[in-house]
Amino acid sequence: MAKTALITGVTGQDGSYLSELLLDKGYTVHGLIRRSSSFNTERIDHIYQGPEEENRSFLLHHADLADGVALVNLLRDIRPDEVYNLGAQSHVRVSFDAPLYTGDITGLGTVRLLEAVRASGIDTRVYQASSSEMFGANPPPQNERTPFHPRSPYSVAKVYSYWSTVNYREAYGMFAVNGILFNHESPRRGETFVTRKITRGVARIKAGLQTHLHLGNLDAVRDWGYAPEYVEAMWRMLQCDAPDDYVVATGEGVSVRQFLEYSFAHAGLDWREHVRYDAKYERPSEVDALIGDATKAEELLGWKPVVRSRELAGIMVDADIRQLSDQLAGAAVRVDR
Ligand code: NAP
Ligand code: GDD
């Protein structure tokens with residue numbers, strides 16, 4: 001029988017790719033969306049507004065990770081085989097400005113969901129979106145045995161969620177897993193994360209719409225992979241015989257400066273002519289270097305990364321140039337009328 005999944009954070013980068021993956025596998029996908037005063041479904045509109053046949057397999061429900069009762073009701077109604085908890089206040093810099101809100105949604109929100117699974121009495125497998133940020137100050141390479149040393153309200157909340165997931169597994173025998181994912185990007189990445197900010201900036205500079213890009217710390221090193229590959233690892237974790245926790249990463253560390261070089265060079269530009277420093281993008285405490293060792297995922301899940309950071313930068317720059325030229329063409333048509 002076809003499986004059913006519930007995804008929190010369905011409107012985000014990962015939620016949209018995971019929806020596509022599960023629909024391709026024949027799942028019925030339920031997405032939790034929160035009410036917004038402006039449209040927040042841009043990344044999933046192409047699925048939701050797709051052919052009628054597909055629509056019946058993709059359903060959206062209004063709820064919020066702040067609302068435990070709504071979560072219980074939703075789970076009782078849907079009775080999903082799998083739950084993917086991708087919803088979060090996911091921006092590290094913002095978490096310093098909104099630490100309580102981040103703790104509530106990114107931390108307590110996970111416990112509300114785990115409790116809702118328990119209270120509704122359904123037999124479901126739970127995926128928790130844990131993060132390499134939890135390793136924080138501990139130097140690379142980081143793997144499942146590396147201790148956590150979180151450096152932001154965001155990563156503190158993720159550590160709480162990580163251990164809550166482990167605790168529900170141990171205390172209640174729940175099939176609950178942590179995917180400890182290192183940074184993963186795509187043309188659907190939020191515009192305020194550094195890779196997308198850079199590739200979007202490249203497209204706008206190339207088109208003559210702006211001359212400069214303002215950034216913070218260029219020395220930080222991240223292990224940047226390709227989001228569509230990472231959602232496949234999430235799904236694989238829930239298909240195992242027993243629940244466990246896995247690091248998902250490429251193993252390649254690249255500085256923000258290097259990613260700038262890749263992105264600008266791809267468009268035939270020199271980043272040094274266009275990038276300015278702005279202290280407002282610095283964090284009160286920074287994570288200097290994250291480089292993952294995904295040996296366990298490779299051995300036990302059969303998962304292997306393909307796209308590396310240089311190719312990723314090219315994919316994202318090309319997509320942003322295309323998107324901008326479509327927007328400009330659309331605007332020109334509207335002006336002509
Ligand atoms: P994202 O694009 O920022 O998406 C976050 C999602 O959470 C959005 O759908 C957002 O809804 C939703 N959300 C925010 N507050 C919520 C609330 N109160 N109730 C319900 N939903 C809420 O994040 P992503 O990059 O796809 O990442 C997915 C998950 O993986 C997140 O938990 C993130 O922390 C974690 N993670 C990401 C990475 C990475 O490199 N991308 C690495 C490790 C872990 P709106 O659209 O309405 O804002
Ligand atoms: N966002 C941003 N904007 N970051 C900048 C900027 C800027 O203008 N300038 C430099 N940086 C540096 C940050 O200081 C950080 O060291 C690095 O670029 C990456 O920042 P982000 O792209 O915001 O990602 P992140 O690594 O902090 O967090 C992302 O990855 C985590 C996994 O390690 C998010 O997706 C988290 O949700 C995720 O858990």
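Can you tell me how many residues in the range 11-41 are more than 16 Å from ligand 2 (Cβ to nearest atom) and modelled with pLDDT of 95 or more?
17
Of all residues in the range 64-91, count the ones that are in contact with a strand residue (DSSP E or B) (Cβ under 9 Å, 6 or more places away or on another chain) and buried (at least 19 other Cβ atoms within 10 Å of the Cβ).
Residues in the range 64-91 being in contact with a strand residue (DSSP E or B) (Cβ under 9 Å, 6 or more places away or on another chain) and buried (at least 19 other Cβ atoms within 10 Å of the Cβ): 14 in total.
Restricting to the range 118-135, name every residue that is more than 13 Å from ligand 1 (Cβ to nearest atom) and buried (at least 24 other Cβ atoms within 10 Å of the Cβ).
Hit for the range 118-135 is VAL126, nothing else.
Name every residue in the range 240-280 that is acidic (Asp, Glu) and either buried (at least 20 other Cβ atoms within 10 Å of the Cβ) or farther than 30 Å from GLU170 by Cα (or both), in order of residue number.
If the condition is that a residue be acidic (Asp, Glu) and either buried (at least 20 other Cβ atoms within 10 Å of the Cβ) or farther than 30 Å from GLU170 by Cα (or both), then GLU252, GLU261, ASP270, GLU273, ASP278 are the ones that fit.
Checking MET237 against (1) hydrophobic (A, V, I, L, M, F, W, C); (2) assigned to a strand (DSSP E or B); (3) away from ligand 2 (no atom under 15 Å from the Cβ): exactly one of these is not met. Which one?
Here MET237 meets the rest and fails (2).
Would you check if ASP320 is under 23 Å from HIS91 (Cα atoms), surrounded by 20 or more Cβ atoms within 10 Å (Cβ to Cβ) and of a type in the set (D, E, K, R)?
Judged against the criteria, ASP320 is a match.
Being more than 16 Å from ligand 1 (Cβ to nearest atom) and in contact (Cβ under 8 Å) with a residue 40 or more places away in the chain is the filter here; which residues of the range 285-310 pass it?
Selection gives SER285, GLU286, ASP288, THR295, LYS296, LEU300, LEU301, GLY302, VAL306, ARG310.
Give me a count of the residues in the range 281-297 that are assigned to a helix (DSSP H, G or I) and either among the basic types (Lys, Arg) or surrounded by 17 or more Cβ atoms within 10 Å (Cβ to Cβ) (or both).
Number of matching residues: 2.
For the range 240-268, what are the residues that are farther than 13 Å from ARG222 by Cβ and β-branched (Val, Ile, Thr)?
Listed by number, the residues that qualify are VAL247, VAL248.
Would you say HIS30 is part of a helix (DSSP H, G or I) and more than 15 Å from MET234 (Cα to Cα)?
No, not satisfied.
Does the range 306-313 contain at least one residue that is over 21 Å from the mean Cα position of the chain (by Cα) and not assigned by TED's automatic domain parsing to the domain that holds ARG43?
No, the range 306-313 contains no residue that is over 21 Å from the mean Cα position of the chain (by Cα) and not assigned by TED's automatic domain parsing to the domain that holds ARG43.
Would you confirm whether any residue within the range 158-176 is within 21 Å of ARG308 (Cα to Cα), surrounded by fewer than 24 Cβ atoms within 10 Å (Cβ to Cβ) and in contact with a Phe, Trp or Tyr (Cβ under 9 Å, 6 or more places away or on another chain)?
no
Right, ILE198: within 10 Å of ligand 2 (Cβ to nearest atom) and in the same structural domain as PRO150 (by TED's automatic domain parsing) or not?
no
The values are calculated or read from the model by the stated rules, or taken from the named source; none is laboratory data. As the structure is a computational prediction, the values presented were derived from the model and not from experiment. Backbone-built Cβ (ideal geometry, glycine too); neighbour counts: all protein chains shown.
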